[in-house]
4 protein chains.
Amino acid sequence: MEGSLKVCASVRAAVMAAPGKMVTRGFPVPEVTDDSALVRMLGSAICGTDKHMYSGQTKLGLPGAVVTFPVIPGHENLGVIERIGSNASRVMSTDGSPLNAGERVVISADIVCGHCYYCRNVYGYPWCLNHRSYGDVISCENPPHLFGGWAEMMYILPGTFMSRVPSQLSDEEAVLAEQLAVAYGAFGRAYQGPNSKEGYAPADSVVVQGIGPLGICNAFMAKMMGAGKIIAVDKSEYRLKLARELCVNETISLNDYPTVEGRTARVMELTDGLGSDMVIECTGDPAILSEGLDILRLGGTYLVEGAFVEEAPTQISASRQIVAKNARIVGAAGMPYQAYGRVLKMVENNRGSIQFAKAVTHQFGIESAEEALKKSIAPDSMKVVVTPKK
Amino acid sequence: MEGSLKVCASVRAAVMAAPGKMVTRGFPVPEVTDDSALVRMLGSAICGTDKHMYSGQTKLGLPGAVVTFPVIPGHENLGVIERIGSNASRVMSTDGSPLNAGERVVISADIVCGHCYYCRNVYGYPWCLNHRSYGDVISCENPPHLFGGWAEMMYILPGTFMSRVPSQLSDEEAVLAEQLAVAYGAFGRAYQGPNSKEGYAPADSVVVQGIGPLGICNAFMAKMMGAGKIIAVDKSEYRLKLARELCVNETISLNDYPTVEGRTARVMELTDGLGSDMVIECTGDPAILSEGLDILRLGGTYLVEGAFVEEAPTQISASRQIVAKNARIVGAAGMPYQAYGRVLKMVENNRGSIQFAKAVTHQFGIESAEEALKKSIAPDSMKVVVTPKK
Amino acid sequence: MEGSLKVCASVRAAVMAAPGKMVTRGFPVPEVTDDSALVRMLGSAICGTDKHMYSGQTKLGLPGAVVTFPVIPGHENLGVIERIGSNASRVMSTDGSPLNAGERVVISADIVCGHCYYCRNVYGYPWCLNHRSYGDVISCENPPHLFGGWAEMMYILPGTFMSRVPSQLSDEEAVLAEQLAVAYGAFGRAYQGPNSKEGYAPADSVVVQGIGPLGICNAFMAKMMGAGKIIAVDKSEYRLKLARELCVNETISLNDYPTVEGRTARVMELTDGLGSDMVIECTGDPAILSEGLDILRLGGTYLVEGAFVEEAPTQISASRQIVAKNARIVGAAGMPYQAYGRVLKMVENNRGSIQFAKAVTHQFGIESAEEALKKSIAPDSMKVVVTPKK
Amino acid sequence: MEGSLKVCASVRAAVMAAPGKMVTRGFPVPEVTDDSALVRMLGSAICGTDKHMYSGQTKLGLPGAVVTFPVIPGHENLGVIERIGSNASRVMSTDGSPLNAGERVVISADIVCGHCYYCRNVYGYPWCLNHRSYGDVISCENPPHLFGGWAEMMYILPGTFMSRVPSQLSDEEAVLAEQLAVAYGAFGRAYQGPNSKEGYAPADSVVVQGIGPLGICNAFMAKMMGAGKIIAVDKSEYRLKLARELCVNETISLNDYPTVEGRTARVMELTDGLGSDMVIECTGDPAILSEGLDILRLGGTYLVEGAFVEEAPTQISASRQIVAKNARIVGAAGMPYQAYGRVLKMVENNRGSIQFAKAVTHQFGIESAEEALKKSIAPDSMKVVVTPKK
């Protein structure tokens, strides 16, 4: 272990110096305290937030969260623990057994204080009033610098959780944990009374609006949680084709159904004229909500996960689309930290029938981070990963 | 019983002949079949829908529901069973014990088919695909005419439910059943995991936007279901004062806080700077939703009940107000038919400490229905009842 | 259709004349009324209840339910509608679209009144106070006789529900609907707050005690609803082997672990020393509850489904196994009628990865019903079906 | 403040030296570290656990918990913060605002590690694998000695939570917080789908078995959470009379109904022949479970809270009382730490109509602790408090 550290006396990282500007920089190897850890990265998946930062949208979801350039992007992180402090070993674990150097882990995106109103009262959620996150709000100018995953190593601050990865899982499967955890948390919040069809229930029809990386992870979750018919809507034929291969039953291409009316009619056809039991918004486009509510059945559930960055106002009809429809709309940003470990168990138990790893379509080295970003925005990619292995 | 029928060989009813036009008419006493019933009315409370019909808004909440003039208004109905068919006696009951002539009952507003997708699959809810309702969509030109509560008698169609009223309750308390049932159903849909503060939980702070009749019934329900601090927002000082007397802890008058910013700041002050755990929209104004989402805490629940008739588009921010807030929005129109009987039990058990009857501020005779309507719209009224007793 | 009826002017049926005594008899083809239907049977699966009746235990689960000999057994029924009355066509459907002759359907085991307290108040459940069921409590001496599924035809009484079978499903898959529906209803009742691990949550470990037909259907449901590790306990190596092939991750054989202590220790090993998140009792042995509670983690959920017939008293420790363990125990007999249609959708969507049909290990003709019963009791069978196709 | 400390340079405490043996002892005033606190006691309520310790039952609820004599009893504690460390000020708070010297607080009974499996995964519950509690498992021989509430002062260890008391509440109201929190947590776990009557729903009938201190707190909670009819069963006429005055609708005295059959019949009479929607066991007698299940309606919920110490085996019928009844049994020991603050809010909002303080029937000084214990066991007491104010 010690030897490996010497080799990278300088840690390479991809740095977003400003919107639209990526550079590669070296940083010193940090010291680890009793309460912190150091992880040697295996991969960091690109998320919509990274694309938004690159294009200059710097206000993030939680109130007050703003990107602080220069940053090392990357908050969907997988690596191997290089060093871990004795207290961190106990308290960063989510399953009660201490974490040790050499273990492969996924790292929660959120850093929480543990004692504010939300940390104390709302189960597991990172709605912390002192919330920070990796890959965006902490500048890499601040020592120990390594606060993002597009790097050879990452520094793990107190208030972070890590979940060990079952040995059978490939790195490609494991790196999906963060977005699967978003879906797990959202489905968990949608559940209510399955027998009485309050909230999501097994056998429900599910429409996923936008079958990019977040969309496909929600489709995986729907599949693993007993959904009936899973329908994906997108404009990318590449993504729709891959979704059908992986777990989706029906696809609606914007090329075939260019109008809201056409898509709505198609969903009605596929759902016995009732509308979908659940709709999941994964497009990032706030204007899509009206269409989502239109394709929902009476009393259906609408999970809104993608519209994370303000791009346009949302106009809906409160009377027709919410009250008369008895709709249930659940916004979902972030995830309970416990969800990481749980989704890894679910992947372990379903990898025989679902080819999760195929959702990672492209991987790039640290020096190619800008190329990776561009590919992640292109319609002919699904999940793109930045990894020091390349 | 027979004698009483002869007295009203012609049944008086208040008829809305067209928007803005009320007349009193006489109708023949209907025959009762095996599957139907006849109720001698004690009172019928005026609802927002009645006001909307009067002002010419004829499209109702459920898809396709349109007012068919001339109609006898009135769907919040209390009366005594005059005659009931032998089959109706069994199947119109919600608690399993047959209904008999002479029993005081509240009558469900909805008439359902019992076998469509929604009747078969979604617990108790009147989202029936063949849905009809009293007081609006069935013209009084159609025999047996008496399809609304502003009359001496009402004809009860197959597919209606009736709940007997506990003997201790006054008519004024009992006539609130329909709107209390709306609140019961909505709170029931909001419940999820009380310990983890998913959905409504006892001790929660609750803001009621609009403390008219629907608002006060939701405040009653919040009080009976263990809410912490109940806050009412309105522009009517009359209603705010009455609400404070009845069950509300804090009031915010639009006269004192004329701006959204001011009201939002006041709610924050009253909720430790977090926002309210639950907000209930009872204003009927679709534009209010943005304010409702602003005053909600992260992960809070927003019950939208009042915006039943389209008056204006609703503009919100999907990213800031739904996703980043992890908001839960639940639209609630109608109520499970079982809720009528349950709320009557709750009133029975809480009437020692809550003065429900005071919410009925005005009562008018059938001939004075137009005056009743106007009073119900005025800011110096709460619940207004039309009754043949006057 | 008409022609086919003439062929079986006498309908063959397997009749249990008394405990331990099976005979084959002929019955006349019944007339169908407006409210009833006639189904040509494809198969009827043998359930624990059938075995109990055969061995002389005639008191069934619901209060007052007693077997009335002679009976045609069979309440897990699959067939094709031969004739259906016009009213029955609408009201026997669970998805809102009318049922027609020629459609393949599964038939709910329960006949409910629709208007008693339970029918009116508790969602979908057949806890009807006027409850009857096929295959046990209605003697075949009463015309029209055909009240059980081990026959060429079955008469469908008013108050029964039928769910059409998706065309891709084999008869072997479809005939599992009733027991999958038990599991669906039980899991639905166990769900509560998945994120906070109140009740069943995806990724949970699940121990199935007794991996016979009911056990395997619960394991299927766990698998389809995202369980983590599924562990089966049984004494039949045949059943354990089949369970591993179909969906179970780990098996504990009573041959290898003959003592409660040994099995408990093994479950602890497989669940990080915590005990299982959920345990499902499918043994039919009331004495097993103590072991089930011992292998549960703190706050875990215990579904008790199998102990349907009284065989022995149950002794547990209320303080150690319920209170101190914060256990949640949910008894589950019967299922919501809507569950039949939903599980068929789930089978349709998961048959690519789960070989449901292999759970039907043996099929026998009507004349061989006694042989079928004996095979169903033998340890080298899973689901045994009686079918007129043989 | 400093002055007051000098006065009690020796802190008086009631010590249980061994079962049946109470003495008064003096201890030094402890130093407070950054992570701990010192509370000047206002009162400590006597609980069933204290009575059990006194009578020699030393095995407590959670696995492995054993009373370590000599102990200062008292885990339902109310006091004023005398000193608090700077870190403790932040992390011992449950509502996110720091705690300061001079604030009146209730103190959680449990001391949790914060990072074991249960602390990390199961919301708020003190099922901590490293669990300790005040008043029983920590000997007062260990410095700083003051680990129980029957004393002038109490030492607050890291891992404890404290909730500030609203200023309007009397000490008698506030000292009920711990047992109300047990009820809050239990009701929270019982909630599920109120509209579909899965778990507890408002308007439900509730039978409380044993209307002692825990029973009355559960009855208060039922009343505050919208129960329909509340029925108490006990043998003490004193307690039944007080319960009727405070919040209970009907009482069943064991003097009038000495047999299980008689009591069951009486509950049936009071619940329309159906049985109670919810039953709450607060007797401490494990043998009572069979009666509790008998008086439950089909699909009802049984909260088992009182049978905390093993006194007798529990014998039930799994088939008749669990499976056929579709019963839901929820064991509840301890409470989420957040519940303390929430119940105090509920008391604040309901003290106008419920006379909580009257449940505290007797108060004794520290030197009279043994007398207090004996009174708490006597049938003519409800809640008994030990307080240095006397």
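Residue C:82 - would you say it is under 25 Å from residue C:367 (Cβ atoms), more than 20 Å from the chain's Cα centre (by Cα) and at pLDDT 95 or above? Break it down stepwise before answering.
Working: under 25 Å from residue C:367 (Cβ atoms): yes; more than 20 Å from the chain's Cα centre (by Cα): yes; at pLDDT 95 or above: yes.
The answer is yes for residue C:82.
Name every residue in region B:286-297 that is within 24 Å of the chain's Cα centre (by Cα), without any contact (Cβ under 8 Å) to a residue 60 or more places away in the chain and surrounded by fewer than 24 Cβ atoms within 10 Å (Cβ to Cβ), in order of residue number.
B:287, B:290, B:293
In region A:338-356, which residue that is out of contact with any Phe, Trp or Tyr (no Cβ under 9 Å at 6 or more places or on another chain) and of a type in the set (S, T, N, Q) is surrounded by the most Cβ atoms within 10 Å (Cβ to Cβ)?
Out of the qualifying residues, it is A:349.
Looking at the structure I just gave you, is residue A:43 of a type outside the set (D, E, K, R) and in contact with an Asp or Glu (Cβ under 7 Å, 6 or more places away or on another chain)? Working first, answer last.
On the way: of a type outside the set (D, E, K, R): yes; in contact with an Asp or Glu (Cβ under 7 Å, 6 or more places away or on another chain): yes.
Yes; evaluated as a whole, the condition is true for this residue.
I'm checking my understanding of the structure. Among residues of region D:88-99 that are assigned to a loop (DSSP other than H, G, I, E, B) and out of contact with any Gly (no Cβ under 8 Å at 6 or more places or on another chain), which one is surrounded by the most Cβ atoms within 10 Å (Cβ to Cβ)?
Our first condition is that a residue be assigned to a loop (DSSP other than H, G, I, E, B); within region D:88-99, this holds for D:92, D:94-99.
Among the residues that remain, those that are also out of contact with any Gly (no Cβ under 8 Å at 6 or more places or on another chain) are: D:92, D:96-99.
On the way: D:92: 28, D:96: 19, D:97: 14, D:98: 14, D:99: 23.
Filtering region D:88-99 for residues that are assigned to a loop (DSSP other than H, G, I, E, B) and out of contact with any Gly (no Cβ under 8 Å at 6 or more places or on another chain), the one surrounded by the most Cβ atoms within 10 Å (Cβ to Cβ) comes out as D:92.
So, in region C:37-86, how many residues would count as being surrounded by fewer than 21 Cβ atoms within 10 Å (Cβ to Cβ), more than 14 Å from chain D (Cβ to nearest Cβ) and assigned to a loop (DSSP other than H, G, I, E, B)?
The total comes to 6.
So, in region C:134-143, of the ones that are touching a residue at least 40 places away in the same chain (Cβ under 8 Å) and surrounded by fewer than 24 Cβ atoms within 10 Å (Cβ to Cβ), which residue ends up farthest from residue C:57 (Cα to Cα)? Write out each step before concluding.
At the first step, the residues of region C:134-143 found to be touching a residue at least 40 places away in the same chain (Cβ under 8 Å) are C:134-141, C:143.
Going one step further and asking which of them are surrounded by fewer than 24 Cβ atoms within 10 Å (Cβ to Cβ), we end up with C:137-141, C:143.
On the way: C:137: 13, C:138: 16, C:139: 16, C:140: 19, C:141: 20, C:143: 25 Å.
Result: C:143.
Which residue out of D:194, D:158, D:166 is within 14 Å of chain A (Cβ to nearest Cβ) and closer than 25 Å to residue D:95 by Cβ?
Working: D:194 fails: closer than 25 Å to residue D:95 by Cβ; D:166 fails: within 14 Å of chain A (Cβ to nearest Cβ).
The match here is D:158.
If residue B:283 meets every condition in (1) within 14 Å of chain A (Cβ to nearest Cβ); (2) assigned to a helix (DSSP H, G or I); (3) not hydrophobic (A, V, I, L, M, F, W, C) apart from one, which number is that one?
So residue B:283 meets the others, but not (2).
Of all residues in region B:232-257, which are away from chain D (no Cβ under 14 Å), more than 18 Å from residue B:375 (Cα to Cα) and surrounded by fewer than 19 Cβ atoms within 10 Å (Cβ to Cβ)?
Correct list: B:253, B:254, B:255, B:256, B:257.
Hey, can you tell me all the residues within region A:161-177 that are buried (at least 24 other Cβ atoms within 10 Å of the Cβ) and of a type in the set (S, T, N, Q)?
A:163
Could you list, in sequence order, the residues of region D:264-280 that are surrounded by 22 or more Cβ atoms within 10 Å (Cβ to Cβ) and part of a helix (DSSP H, G or I)?
D:267
Looking at (1) more than 9 Å from every other protein chain (Cβ to nearest Cβ); (2) assigned to a strand (DSSP E or B), which is the one condition that is false for residue D:340?
Answer for residue D:340: the failing condition is (2).
Does residue C:218 satisfy being modelled with pLDDT of 95 or more, crowded, with 18+ Cβ neighbours inside 10 Å and either facing chain A (nearest Cβ under 10 Å) or in contact with a strand residue (DSSP E or B) (Cβ under 8 Å, 6 or more places away or on another chain) (or both)? Walk me through how you get there before you give the answer.
Working: modelled with pLDDT of 95 or more: yes; crowded, with 18+ Cβ neighbours inside 10 Å: yes; either facing chain A (nearest Cβ under 10 Å) or in contact with a strand residue (DSSP E or B) (Cβ under 8 Å, 6 or more places away or on another chain) (or both): yes.
So residue C:218 fits the description; yes.
Using the structure shown, decide if residue B:317 is surrounded by fewer than 24 Cβ atoms within 10 Å (Cβ to Cβ), among the polar types (S, T, N, Q) and either modelled with pLDDT of 95 or more or more than 19 Å from the chain's Cα centre (by Cα) (or both). Please lay out each step first, then the result.
Values: surrounded by fewer than 24 Cβ atoms within 10 Å (Cβ to Cβ): yes; among the polar types (S, T, N, Q): yes; either modelled with pLDDT of 95 or more or more than 19 Å from the chain's Cα centre (by Cα) (or both): yes.
Here the answer is yes, as residue B:317 does meet what is asked.
For region A:373-389, which positions are surrounded by fewer than 17 Cβ atoms within 10 Å (Cβ to Cβ), assigned to a loop (DSSP other than H, G, I, E, B) and hydrophobic (A, V, I, L, M, F, W, C)?
If we filter region A:373-389 for residues that are surrounded by fewer than 17 Cβ atoms within 10 Å (Cβ to Cβ), which is where we start, we get A:374, A:377-380, A:389.
Pick out the ones that are also assigned to a loop (DSSP other than H, G, I, E, B) and you get A:378-380, A:389.
Hit for region A:373-389 is A:378, nothing else.
Within 21 Å of residue A:285 (Cβ to Cβ) and either touching a residue at least 12 places away in the same chain (Cβ under 8 Å) or polar (S, T, N, Q) (or both): which single residue out of A:313, A:388, A:336 fits that description? Give the steps one after another, and end with the answer.
Working: A:388 fails: within 21 Å of residue A:285 (Cβ to Cβ); A:336 fails: within 21 Å of residue A:285 (Cβ to Cβ).
Exactly one of A:313, A:388, A:336 is within 21 Å of residue A:285 (Cβ to Cβ) and either touching a residue at least 12 places away in the same chain (Cβ under 8 Å) or polar (S, T, N, Q) (or both), namely A:313.
Could you identify the single residue in C:369, C:327 that is more than 14 Å from chain A (Cβ to nearest Cβ), over 30 Å from residue D:300 (Cβ atoms) and small (Gly, Ala, Ser)?
Values: C:327 fails: over 30 Å from residue D:300 (Cβ atoms).
Answer to the selection: C:369.
In region D:100-130, how many are within 11 Å of chain A (Cβ to nearest Cβ) and either at negative phi or crowded, with 20+ Cβ neighbours inside 10 Å (or both)? Working first, answer last.
Residues of region D:100-130 that are within 11 Å of chain A (Cβ to nearest Cβ), as a first pass: D:113-125, D:128-130.
Of the ones still in play, those that are also either at negative phi or crowded, with 20+ Cβ neighbours inside 10 Å (or both) are D:113, D:115-125, D:128-130.
Selection size over region D:100-130: 15.
Just a yes or no: is a residue in region A:178-194 over 30 Å from residue B:194 (Cα atoms) and crowded, with 24+ Cβ neighbours inside 10 Å? Let's see the steps before the verdict.
If we filter region A:178-194 for residues that are over 30 Å from residue B:194 (Cα atoms), which is where we start, we get none.
No, region A:178-194 contains no residue that is over 30 Å from residue B:194 (Cα atoms) and crowded, with 24+ Cβ neighbours inside 10 Å.
Just to be sure I understand, how many residues within region A:18-31 are in contact with a helix residue (DSSP H, G or I) (Cβ under 8 Å, 6 or more places away or on another chain) and either part of a strand (DSSP E or B) or at negative phi (or both)? Can you show your working first?
Step one: list which residues in region A:18-31 are in contact with a helix residue (DSSP H, G or I) (Cβ under 8 Å, 6 or more places away or on another chain), which gives A:19-20, A:22, A:24, A:29.
Okay, now just the ones that are also either part of a strand (DSSP E or B) or at negative phi (or both), so A:19, A:22, A:24, A:29.
Number of matching residues: 4.
Going by the conditions given, is residue C:321 under 19 Å from residue D:281 (Cα atoms), touching a residue at least 24 places away in the same chain (Cβ under 8 Å) and more than 7 Å from chain D (Cβ to nearest Cβ)? Break it down into steps so the answer makes sense when it comes.
Details: under 19 Å from residue D:281 (Cα atoms): yes; touching a residue at least 24 places away in the same chain (Cβ under 8 Å): yes; more than 7 Å from chain D (Cβ to nearest Cβ): yes.
Here the answer is yes, as residue C:321 does meet what is asked.
Each row is one residue, and each column tells you yes or no for (1) at pLDDT below 95; (2) part of a helix (DSSP H, G or I); (3) under 27 Å from residue D:161 (Cα atoms).
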{"position": "D:293", "(1), (2), (3)": "no, yes, no"}
{"position": "D:301", "(1), (2), (3)": "no, no, no"}
{"position": "D:309", "(1), (2), (3)": "yes, no, yes"}
{"position": "D:312", "(1), (2), (3)": "yes, no, no"}
{"position": "D:333", "(1), (2), (3)": "yes, no, yes"}
{"position": "D:367", "(1), (2), (3)": "no, yes, no"}
{"position": "D:371", "(1), (2), (3)": "no, yes, no"}
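Do we find a residue being more than 30 Å from residue C:22 (Cβ to Cβ) and charged (D, E, K, R) anywhere in region C:297-308? Talk me through it step by step, then tell me what you get.
Step one: list which residues in region C:297-308 are more than 30 Å from residue C:22 (Cβ to Cβ), which gives C:297-304.
Retained after the next criterion (residues that are charged (D, E, K, R)): C:297.
The answer is yes; a qualifying residue exists.
Among the residues of region A:252-263, how many are part of a loop (DSSP other than H, G, I, E, B) and hydrophobic (A, V, I, L, M, F, W, C)?
Here is the first cut: in region A:252-263, the residues part of a loop (DSSP other than H, G, I, E, B) are A:254-259.
Restricting the remaining residues to those that are hydrophobic (A, V, I, L, M, F, W, C) gives A:254.
Qualifying residue count for the region: 1.
The values are calculated or read from the model by the stated rules, or taken from the named source; none is laboratory data. Remember, it's a predicted structure, so these values are computed and weren't measured experimentally. Note that we place each Cβ from the backbone using ideal geometry, even for glycine, and neighbour counts take in every protein chain shown.
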